[in-house]
Protein chains: 2
Amino acid sequence: MKTRITELLGIRYPIIQGGMQWVGKPELASAVSNAGGLGIITALTYPTGEALAAAIERMRSLTDKPFAVNLTILPAAKPPPYADYVDTIIASGVKIVETAGNNPREYVERFKAAGINILHKCTSLRHAMSAERAGVDVVSIDGFECAGHPGEDDVPGLVLIPMAAKALRIPIVASGGIADGYGMAAALALGADGINMGTRFEATQEAPIHQNIKDALVAATERDTRLMFRTLRNTARVLKNAISEEVVALERRPGGCVYEDLRPLVAGVRGRAALESGDVDGGVVSAGLCVGLIDDIPTCDELIKRMVRECKAHLDRANGFFTAEECRS
Amino acid sequence: MKTRITELLGIRYPIIQGGMQWVGKPELASAVSNAGGLGIITALTYPTGEALAAAIERMRSLTDKPFAVNLTILPAAKPPPYADYVDTIIASGVKIVETAGNNPREYVERFKAAGINILHKCTSLRHAMSAERAGVDVVSIDGFECAGHPGEDDVPGLVLIPMAAKALRIPIVASGGIADGYGMAAALALGADGINMGTRFEATQEAPIHQNIKDALVAATERDTRLMFRTLRNTARVLKNAISEEVVALERRPGGCVYEDLRPLVAGVRGRAALESGDVDGGVVSAGLCVGLIDDIPTCDELIKRMVRECKAHLDRANGFFTAEECRS
């Protein structure tokens, strides 16, 4: 395929694996890159710049295709070593970075000086426009459907993607709610030049997470995600499980709830335990609404090939609705 | 255009005007039908079966094209004369009915015996499957983006439309979040055979509502709708205004809120006053998230022609991303 995204990033298909803490490791990211998409290593998975450098080195041993490093900046009492991550990314000669979580302004100059293409992921039109002004190369626009942090505006892709396509000059990537050729076709029809998928890539053979979690994603329906931490205005879309149900119940109880009520739970919600142990109730598992569309656990190569084929078929079907006269005009 | 919807309903374009109380009158519905879409008269706009019969007669004086009557069944302390509406629809020789708000089971047999095609609008996959089993001809699947009653599941079209397309054998119409050729192209790519639009048709020259309301829809952004009556599990998506802000504030106040708290407001929220007087704060105005995509007030004919043209252009652009080899395989 040939879009502004494939051209800019040097990839075969405009399909990007979303940044995912504990999941975006070389095993998965290299499988995506080798299949013609863009694999992404997530910096936050690694405690230090050195550990990230080792992951980048391992990535290079697994693929000679383009890949990216995700740098998500979130508020934290004990911030991760962001400056070390940035130094490592530049020193390692990484060519593509995905920023998220905060305005990328302070990093743009250094990354651009190093010849790095910057994809910035955000969940609102105003943040997308501000990122474009800051000088990023691509905006990944993340709708209400998405796993992780959808923001507080609750605007789904069907509205958000065309708004971004009309407002921005740089190419956009559609993120959230996409898991198959239907969503890919829709995203391109809505004005995107590519798509981003997180949850769908979690349910692949190569995802470095416990089989129980992959099975839980397959079993989940479109009604099995929860929005937690709404009361903190730090909403996260996660899989329904014992922990997320407890958080949501607390947040909805009559009388309201404040951060102090949630604090004991916040400490327990980190997703790594569930992903590694396979105990679905052992931690919070990010999952987007597209779990309702996920029915199997293919390899990344099978998934990407199938999506591209189905995307073309769905677009062909839609095009076939027009009469010969309408096609000429 | 030619889809299962245009063939079944005998219309030129698979574009349906959503049922809207106080708005779905012959002035608007005939303009939509004359432009090649399907105009819909909303039964609830009329106090009696006789008044509905007069509207149907007026509709026939304004168009010789197919049109439908919407029959929305909502819980009410003083229910409207539903049985009279049904008798009138059948006696008037109406050929298409849109049901909504409740399982259409009890009406299917009579409508089908009268040769009437039934479109059933619902907001979840399980209700769509139940409507198909009940014998309706088309399901209009209404995503989280929609104006009016989105249900309580909060699943947007990007996920809900392909789920319905995969699960149902009968044709589906995509509803919610669509206001332009982008959304139309996406809906068709997601597996729908047609689209339904309410809010977009409110902002047309022929919509029989006050100019101030049309101007307010044009001015509104994607962040200017509110979900009210969540606490009653009877959620309505409406335009942000003095009343909806008051309701939402009451529903979110610490200590919670019960129906008795909302009762004084419920009486005041009826939308007719605002639509007719042009006082945007004079009542509640249903509005979908697609207000963010609405920038003008065209005629229905201009709108439909433009959407069809843009839909084709967006599909062509997406198709152009595939290489010659990918197109052959």
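The values are calculated or read from the model by the stated rules, or taken from the named source; none is laboratory data. Owing to the predicted nature of the structure, the values given are computational and were not obtained by experimental measurement. With ideal geometry, Cβ positions are generated from the backbone for all residues, glycine too; neighbour counts draw on all protein chains shown.
Name the residue, out of A:79, A:104, that is closer than 30 Å to residue A:231 by Cβ and surrounded by fewer than 23 Cβ atoms within 10 Å (Cβ to Cβ).
Selected residue: A:79, the only one of A:79, A:104 that is closer than 30 Å to residue A:231 by Cβ and surrounded by fewer than 23 Cβ atoms within 10 Å (Cβ to Cβ).
Go through region A:173-186 and give me each residue that's closer than 14 Å to residue B:314 by Cβ and out of contact with any Pro (no Cβ under 9 Å at 6 or more places or on another chain).
A:174, A:185
How many residues are assigned to a loop (DSSP other than H, G, I, E, B), away from chain A (no Cβ under 11 Å) and not hydrophobic (A, V, I, L, M, F, W, C) if we restrict to region B:222-263?
So the count comes out to 5.
Consider residue B:134 carefully, then state whether it is more than 20 Å from residue B:224 (Cα to Cα) and touching a Lys or Arg at 6+ places or on another chain (Cβ under 8 Å).
Yes; evaluated as a whole, the condition is true for this residue.
Could you look through region B:187-199, keep only residues that are part of a helix (DSSP H, G or I) and either under 20 Å from residue B:120 (Cα atoms) or without any contact (Cβ under 8 Å) to a residue 40 or more places away in the chain (or both), and pick out the one that is nearest to the other protein chains (Cβ to nearest Cβ)?
B:188
Name the single residue that is nearest to the other protein chains (Cβ to nearest Cβ) among those in region A:129-185 being more than 26 Å from residue A:238 (Cβ to Cβ) and part of a loop (DSSP other than H, G, I, E, B).
Looking at the filtered set, the residue picked out is A:171.
Just for region A:303-326: of the residues that are facing chain B (nearest Cβ under 7 Å) and more than 27 Å from the chain's Cα centre (by Cα), which one is surrounded by the fewest Cβ atoms within 10 Å (Cβ to Cβ)?
A:323
Does residue A:177 satisfy the criteria of being in contact with a Lys or Arg (Cβ under 9 Å, 6 or more places away or on another chain), at pLDDT 95 or above and on the phi > 0 side of the Ramachandran plot?
Criteria not met by residue A:177.
I want to confirm something. Restricting to region B:275-302 and keeping residues that are out of contact with any Phe, Trp or Tyr (no Cβ under 9 Å at 6 or more places or on another chain) and within 8 Å of chain A (Cβ to nearest Cβ), which single residue is surrounded by the most Cβ atoms within 10 Å (Cβ to Cβ)?
Within region B:275-302, the match that is surrounded by the most Cβ atoms within 10 Å (Cβ to Cβ) is B:290.
State all residues of region B:240-265 that are more than 26 Å from residue A:258 (Cβ to Cβ) and touching a Ser or Thr at 6+ places or on another chain (Cβ under 6 Å); if no residue qualifies, say none.
Answer for region B:240-265, where residues must be more than 26 Å from residue A:258 (Cβ to Cβ) and touching a Ser or Thr at 6+ places or on another chain (Cβ under 6 Å): there is none.
Can you tell me which residues in region B:88-101 are surrounded by fewer than 20 Cβ atoms within 10 Å (Cβ to Cβ) and under 22 Å from residue B:54 (Cβ atoms)?
B:90, B:91, B:92, B:93, B:95
For region B:308-329, name all the residues that are aromatic (Phe, Trp, Tyr) and touching a residue at least 24 places away in the same chain (Cβ under 8 Å).
Answer for region B:308-329, where residues must be aromatic (Phe, Trp, Tyr) and touching a residue at least 24 places away in the same chain (Cβ under 8 Å): there is none.
Mind telling me which of the residues B:215, B:193 ends up being more than 29 Å from residue A:252 (Cα to Cα), of a type in the set (D, E, K, R) and crowded, with 22+ Cβ neighbours inside 10 Å?
B:193
From the list B:292, B:256, which one is more than 22 Å from the chain's Cα centre (by Cα) and touching a residue at least 24 places away in the same chain (Cβ under 8 Å)?
Selected residue: B:256, the only one of B:292, B:256 that is more than 22 Å from the chain's Cα centre (by Cα) and touching a residue at least 24 places away in the same chain (Cβ under 8 Å).
Residue B:5 versus (1) over 17 Å from residue B:197 (Cα atoms); (2) within 14 Å of chain A (Cβ to nearest Cβ); (3) in a helix (DSSP H, G or I): which is the lone unmet condition?
Checking residue B:5 against (1) over 17 Å from residue B:197 (Cα atoms); (2) within 14 Å of chain A (Cβ to nearest Cβ); (3) in a helix (DSSP H, G or I), the one that fails is (1).
How many residues are more than 18 Å from residue A:39 (Cα to Cα) and part of a loop (DSSP other than H, G, I, E, B) if we restrict to region A:294-310?
Of the residues in that region, 3 qualify.
What do you reckon, is residue A:54 of a type outside the set (Asp, Glu), free of Cβ contacts under 8 Å to residues at least 12 places away in the same chain, surrounded by fewer than 18 Cβ atoms within 10 Å (Cβ to Cβ) and in a helix (DSSP H, G or I)?
Spelling it out, residue A:54 is indeed of a type outside the set (Asp, Glu), free of Cβ contacts under 8 Å to residues at least 12 places away in the same chain, surrounded by fewer than 18 Cβ atoms within 10 Å (Cβ to Cβ) and in a helix (DSSP H, G or I).
Please tell me if residue A:269 is in contact with a strand residue (DSSP E or B) (Cβ under 9 Å, 6 or more places away or on another chain) and at pLDDT below 90.
yes
Of all residues in region A:90-128, which are outside any strand (DSSP E or B), away from chain B (no Cβ under 14 Å) and hydroxyl-bearing (Ser, Thr, Tyr)?
A:92, A:107
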